[in-house]
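**Q** Sending over a structure as structure tokens; questions will come in a sec.
The values are calculated or read from the model by the stated rules, or taken from the named source; none is laboratory data. A quick note: this is a predicted structure, and the numbers were derived from the prediction, not measured. When we count neighbours, we look across all protein chains shown, and the Cβ atoms used for this are built from the backbone with ideal geometry, even at glycine. What goes into the accessible areas is simple: the full protein's heavy atoms, side chains included, and nothing from ligands, DNA or RNA. Shrake-Rupley method; radii C 1.70, N 1.55, O 1.52, S 1.80 Å.
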Amino acid sequence: MFRNNNRIFYLVLIVIVCGIIFSFSATPGNESDSESLYVGRMICNAVVPEYQRMSETEQYNLAFSINYDIRKCAHALEYAVLAMLFFGFWDSFRTSKWRVFMIAGLCTLLYAASDELHQMFVPGRDGKVLDVINDCLGACIGLLVILLITRFKRKKIDEEK
């Protein structure tokens, strides 16, 4: 019973995260650029002490210069979270951990590829193989975090015995 509740919990979270990713991908290119530039300005304001004293052009140029990195990190983070959720879902089926890692990674890869395909139909956006690779790297990082947590927990249990 508990595993079935976990399964439903993870499935709901997977649907929510996939919906958020889909929503971001459905945003036309110019709006998406504007949103990530806004995030860039917020980051610059928080991290660069002299940002407020810069001219508007200098502020824009600084925010624009980190825009690409912000977008790629956001993609990687989204897919790290998605891979971790897929892991939790598939782990509830009591199969080998390596099989769960492989299935979670494959599910994340397939969603990343479908997301890039979806972007090909959105004005001002395009699908890129490099974005799928970036998303998969994010998924690998998420799964690596799960692996490290699992090993840490196992080591802690072994020490308590």
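**Q** List the aspartates and glutamates whose Cα sits under 18 Å from the Cα of residue 153, skipping any in the same chain fewer than 8 residues away.
**A** In chain and number order, the partners are 91.
**Q** Against the longest alpha carbon principal axis of the chain, how many degrees, from 0 to 90 and to the nearest 10, is the axis of helix 129-160 turned?
**A** The angle comes out near 40 degrees.
**Q** Magnitude of the Cβ-charge dipole of the chain, K/R +1 and D/E -1, about the Cα centre, nearest 20 debye?
**A** 1120 debye
**Q** Given just the C-alpha atoms of segment 80-123, how large is their convex hull per residue in cubic angstrom?
**A** 59 Å³
**Q** How much area per residue is accessible in the chain when the probe is 1.4 Å and only protein heavy atoms are counted (Å²)?
**A** 65 Å²
**Q** First compute the accessible area of the chain with a 1.4 Å probe, then give the percent of it belonging to carbon and sulfur atoms.
**A** The value for the chain is 68 percent carbon and sulfur by accessible area.
**Q** Keeping all protein chains in the complex and leaving out DNA, RNA and ligands, what accessible area do you get for residue 84 with a 1.4 Å probe, in Å² to the nearest 10?
**A** Solvent-accessible area, nearest 10 Å²: 60 Å².
**Q** Within 12 Å, Cβ to Cβ, of residue 151, how many net charges do the neighbouring residues add up to if Lys/Arg are +1 and Asp/Glu are -1?
**A** Cβ neighbours under 12 Å give a net charge of +4.
**Q** When the Debye formula is applied to the Cα atoms of segment 1-102, each taken as the same point scatterer, what base-10 log of I(q)/I(0) results at q = 0.12, 0.14, 0.15, 0.17 Å⁻¹?
**A** Log-scaled intensity ratios, in q order: -0.58, -0.69, -0.73, -0.82.
**Q** Net charge within 12 Å of residue 19 by Cβ-Cβ distance, Lys/Arg positive one each and Asp/Glu negative one each, not counting residue 19 itself?
**A** -2
**Q** Also: What is the percent of Cα-Cα separations in segment 74-161 that go past 20 Å?
**A** Value for segment 74-161: 41 percent of Cα pairs lie more than 20 Å apart.
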